[in-house]
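To start, the structure itself, in structure tokens.
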Amino acid sequence: MCKFKRIIVLSITILLFFTFIVGGCKNDSGEKDENGTRINFGDSELKYSEEKAYSGGVHVFNVSDGGKKLVTNETTEYEIVIPDNADSTIITASGELQNLLYEATKTWFEIKNEKNIFSGVKVISLGNTEKSSEITVPDEVNSNGYVIKTIGDDLFIKAKDSHGVLWGVYEFLSKTVGYECVAYDTWYYSYTGGDVKLYDFDIVDSPDYELRISNNGVIYYNEVGSHKMRWLMPHKDVYIEGRGVDAYHNYFQFVKGEKKLSTVKDEHPLWFSDDGTQLCLSAHGDEEQRELLIQTVVSKMKELIDECPGRRVITFTQEDSPTWCNCRTCKKYYTKYKTDAGINVIFVNEVARRIKKWLDEERDGREVLISIFAYMKTFAAPSTKGVDGKYYPIDNDVICEDNVAVMIAPVYDQMAHGLDQSENAGVQDNILSWKGICKNFGYWGYCTYYTDDYNVMHNSFMATQNTYRYLLNNVTPAWIFDQGQTSSGNSTGFMHFKMYLQSQWQWDVNRDYRTLKSKFFSGYFGDASVYMEKFFDEYSTVIYNAMKKQNTGSSVWTTVLKSEYFPLGMLKGWLRYIDKAYENIGKYKNSDPAFYQKLYEHIEIESLSVRYMLIKLYSGRFPASEAAKMKQSYEYDCSKYGIRKT
């Protein structure tokens, strides 16, 4: 990665200049469509209405030059100190600080437990060391936030949770050597050599979304890559799960234990809907069976909570099917509450009361949120709109307990338009209706098409910021993720850019889109960024216009892959951009093969989207032998990068 730093530094001024020129122009590929008309894409920067900026964030940065040096002539007087009882995350944080500082400055920093530090040694203290005892993390900083503070010659990074220390390390590196991570496999430094200053820091920084998760396969199970992007691991850091119970769609898993589901259905038929696709939370009106069902769920939750110390969210969520129980009792609840969410809230409230009593009495008051879904049949809340425009519970039975949360999953929304816009007015009402009965929220967004084999861009890039702002301004979810291409080992259609935007805006939702875009393209594509950004601008504009024309074009089940939107000349023009991108990095093929290979792979992955569209729409325009080779090459590259089809 050190050579990567050198190349970025040499070329970044030129790249930023061209990024500005390309980003502000009208896009014209120079190609013609099937009627011989020159293809013009309109403005490359799409205009979205802007949800008002979020004012509740904690991002205080005071950094000044105090005349101190961290590195002089590739040597340092500083040592990294960690608590004697440091956990694995603090150890990871110290290793990241040591390795990345060495990568940037060629200077080695020793890591020592505080018991091995001699008096008078200058330190970079990570976590709750004895020396950091005078530093207090403010109340307004959440568990993933941190404090960076210089006291005398020493530097302290402290947080309420060990992950906050790790995030603080990355921020310290950013301010000290210009570290920037734009993808799970790509980071660079603006530091160009020479002595390194140790600034006087007084930073208090806390993510706008406390618990942040990525849901793309390329990073979902990649702990190192996730952490570099300041994401948590869902199955290790956030959700309480295990012993056969997953984090989502787990109704059946809570009740079957070690038995086969068919056996449980035979033993307790009243626990299940008549069609067998969901639980029946009323047990068909049988109070004895309903009580036994509640006891079974509570017992399993206790078991899981004990096995997952430190995690805060356990979900009790319906199976992934647009169905619900239609028994006579459940229908009565639906008639009363005008939604199947009524019986869902009532059931989980009873579970939540028993779990809270147990935690208070036997587990030192540990706090755990029990989350249900606002999804499909339970998307509408059991509330009603008052004359004042606010929403109120239909009755007291459906006021969520304080330890109950609702995970909003608007699968039918128009995600590419942003939740703040009129296309999503119905979703807005639903979110506000849940706010009338619940105070804890999570958010499950969607950021890809589940059509066209994950190969066509889903243009929610700029809209994501407005969605995140809308949520923070209205319900402030404690945790968030956008479901992407979970089953695929990698992603095309500029999904890596989208992941970068998500990670940045989940931390600070007010960060500037153009600045982030420039950082990503120059960092991820290097000298090829001029053509790759031009490709992106044209591609995203075409998708945006297709979505407007189709009206439902941003729904996750829609396809925009039509020849009227993607004429043959356009696709050929984009492949020429790809070829030009390869040409621009060719100078590194012999001088820096590793760097060349990384950039080549980044470009080739994005080429797959165009090649897919060419095969799907126009394979009949090519000789059979050539079309076969195109398909074979495409399939080979998909396999090489682990890209799976839907």
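The values are calculated or read from the model by the stated rules, or taken from the named source; none is laboratory data. Everything quoted here is computed from the prediction, not taken from an experiment. A quick note on method: Cβ atoms are made from the backbone with ideal geometry, for glycine too, and the neighbour counts reach across all protein chains shown. Note: accessible area is taken over every heavy atom of the protein model, side chains too, but ligands, DNA and RNA are not part of it. Shrake-Rupley method; radii C 1.70, N 1.55, O 1.52, S 1.80 Å.
Quick grid of which residues meet (1) assigned to a loop (DSSP other than H, G, I, E, B); (2) open to solvent by 30 Å² or more (accessible area, probe 1.4 Å):
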| site | (1), (2) |
| --- | --- |
| Lys259 | yes, yes |
| Ser262 | no, yes |
| Gly276 | yes, no |
| Ile294 | no, no |
| Gly310 | yes, yes |
| Tyr333 | no, yes |
| Ile343 | no, no |
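Could you identify the single residue in Leu279, Leu304 that is out of contact with any helix residue (DSSP H, G or I) (no Cβ under 8 Å at 6 or more places or on another chain) and of a type in the set (A, V, I, L, M)?
Step by step, each of Leu279, Leu304 is checked, and only Leu304 is out of contact with any helix residue (DSSP H, G or I) (no Cβ under 8 Å at 6 or more places or on another chain) and of a type in the set (A, V, I, L, M).
Which members of region 118-146 meet the condition of being closer than 12 Å to Tyr78 by Cα and either at pLDDT 95 or above or touching a Lys or Arg at 6+ places or on another chain (Cβ under 8 Å) (or both)?
Lys122, Val123, Ile124, Ser125
Report, ordered by the first and then the second residue, all pairs with beta carbons closer than 8 Å, sequence separation of six or more or different chains, a first member in region 212-240 that is in contact (Cβ under 8 Å) with a residue 24 or more places away in the chain, and a second member that is among the basic types (Lys, Arg) and open to solvent by less than 10 Å² (accessible area, probe 1.4 Å).
Arg230/Arg212; Trp231/Arg212; Leu232/Arg212
Only residues in region 138-151 that are closer than 16 Å to Gln506 by Cα and aromatic (Phe, Trp, Tyr) count as the first member; pair them with residues that are open to solvent by less than 30 Å² (accessible area, probe 1.4 Å) and in a loop (DSSP other than H, G, I, E, B), Cβ under 9 angstrom, at least 6 apart or cross-chain, and list the lot.
Filtered contacts from region 138-151: Tyr146/Val137; Tyr146/Ala159.
Could you look through region 374-392, keep only residues that are in a loop (DSSP other than H, G, I, E, B) and among the charged types (D, E, K, R), and pick out the one that is surrounded by the most Cβ atoms within 10 Å (Cβ to Cβ)?
Kept after step one, since they are in a loop (DSSP other than H, G, I, E, B), are these residues of region 374-392: 375, 379-382, 386-390.
Retained after the next criterion (residues that are among the charged types (D, E, K, R)): 388, 390.
Details: Asp388: 7, Lys390: 12.
So the residue we want is Lys390.
Could you please let me know if Asp195 is of a type in the set (Asp, Glu), in contact (Cβ under 8 Å) with a residue 40 or more places away in the chain and buried (at least 16 other Cβ atoms within 10 Å of the Cβ)?
no
If you take the residues in region 227-255 that are among the acidic types (Asp, Glu) and in a loop (DSSP other than H, G, I, E, B), which one is most open to solvent (accessible area, probe 1.4 Å)? So that I can check it myself, show each step before the final result.
Looking only at region 227-255, we keep the residues that are among the acidic types (Asp, Glu), and these are 237, 241, 246.
Checking which are in a loop (DSSP other than H, G, I, E, B) leaves us with 241, 246.
Working: Glu241: 31, Asp246: 81 Å².
Across region 227-255, the extreme among qualifying residues is Asp246.
Residues are listed down the side, and each one gets a yes or a no for (1) farther than 28 Å from Ile346 by Cα; (2) touching a residue at least 40 places away in the same chain (Cβ under 8 Å); (3) of a type in the set (A, V, I, L, M):
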{"position": "Gly442", "(1), (2), (3)": "no, yes, no"}
{"position": "Cys447", "(1), (2), (3)": "yes, yes, no"}
{"position": "Tyr450", "(1), (2), (3)": "yes, yes, no"}
{"position": "Arg469", "(1), (2), (3)": "yes, yes, no"}
{"position": "Phe481", "(1), (2), (3)": "no, yes, no"}
{"position": "Leu501", "(1), (2), (3)": "yes, yes, yes"}
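Kindly list the number of the only condition in (1) in a helix (DSSP H, G or I); (2) modelled with pLDDT under 95 that fails for Tyr612.
Every condition holds for Tyr612 apart from (2).
Mind listing whichever residues of region 434-445 are outside any loop (DSSP other than H, G, I, E, B) and either β-branched (Val, Ile, Thr) or open to solvent by less than 10 Å² (accessible area, probe 1.4 Å) (or both)?
Here is the first cut: in region 434-445, the residues outside any loop (DSSP other than H, G, I, E, B) are 434-435, 441-445.
If the condition is that a residue be outside any loop (DSSP other than H, G, I, E, B) and either β-branched (Val, Ile, Thr) or open to solvent by less than 10 Å² (accessible area, probe 1.4 Å) (or both), then Trp434, Phe441, Gly442, Tyr443, Gly445 are the ones that fit.
Quick check on region 172-182: of everything there that is crowded, with 20+ Cβ neighbours inside 10 Å and out of contact with any Phe, Trp or Tyr (no Cβ under 6 Å at 6 or more places or on another chain), which residue is farthest from Thr107 (Cα to Cα)?
Here the residue is Phe172.
Here are Val530, Val509: which of them is farther than 30 Å from Trp479 by Cβ and crowded, with 18+ Cβ neighbours inside 10 Å? Walk me through it before giving the result.
Details: Val509 fails: farther than 30 Å from Trp479 by Cβ.
So the residue among Val530, Val509 that is farther than 30 Å from Trp479 by Cβ and crowded, with 18+ Cβ neighbours inside 10 Å is Val530.
For Asp397, are the conditions met, namely being assigned to a loop (DSSP other than H, G, I, E, B) and out of contact with any Ser or Thr (no Cβ under 7 Å at 6 or more places or on another chain)?
The answer is no for Asp397.
Which of the numbered conditions does Ser55 fail, given that it passes all the others? Conditions: (1) free of Cβ contacts under 8 Å to residues at least 12 places away in the same chain; (2) within 24 Å of the chain's Cα centre (by Cα); (3) within 19 Å of Val169 (Cβ to Cβ).
Here Ser55 clears every test but (3).
Could you please let me know if Ser460 is open to solvent by less than 10 Å² (accessible area, probe 1.4 Å), touching a strand residue (DSSP E or B) at 6+ places or on another chain (Cβ under 9 Å) and not in a helix (DSSP H, G or I)?
yes
Quick test of your reading of the structure: Asn545 fulfils all but one of (1) surrounded by 17 or more Cβ atoms within 10 Å (Cβ to Cβ); (2) touching a helix residue (DSSP H, G or I) at 6+ places or on another chain (Cβ under 9 Å); (3) within 30 Å of Thr486 (Cβ to Cβ). Name the failing condition by number.
(2)
Under 6 Å between Cβ atoms, at least 6 apart or on separate chains: pull out the pairs that start in region 524-544 with a residue that is at positive phi and end on any residue that is crowded, with 24+ Cβ neighbours inside 10 Å and at pLDDT 95 or above.
Gly526/Leu599
Output the number of the condition that Cys325 fails; it satisfies all remaining conditions of (1) more than 30 Å from the chain's Cα centre (by Cα); (2) crowded, with 19+ Cβ neighbours inside 10 Å; (3) of a type outside the set (S, T, N, Q); (4) part of a helix (DSSP H, G or I).
(4)
Is it true that Glu583 is without any contact (Cβ under 8 Å) to a residue 12 or more places away in the chain, assigned to a helix (DSSP H, G or I) and either among the acidic types (Asp, Glu) or buried (at least 18 other Cβ atoms within 10 Å of the Cβ) (or both)?
On the way: without any contact (Cβ under 8 Å) to a residue 12 or more places away in the chain: yes; assigned to a helix (DSSP H, G or I): yes; either among the acidic types (Asp, Glu) or buried (at least 18 other Cβ atoms within 10 Å of the Cβ) (or both): yes.
Yes: the conditions hold for Glu583.
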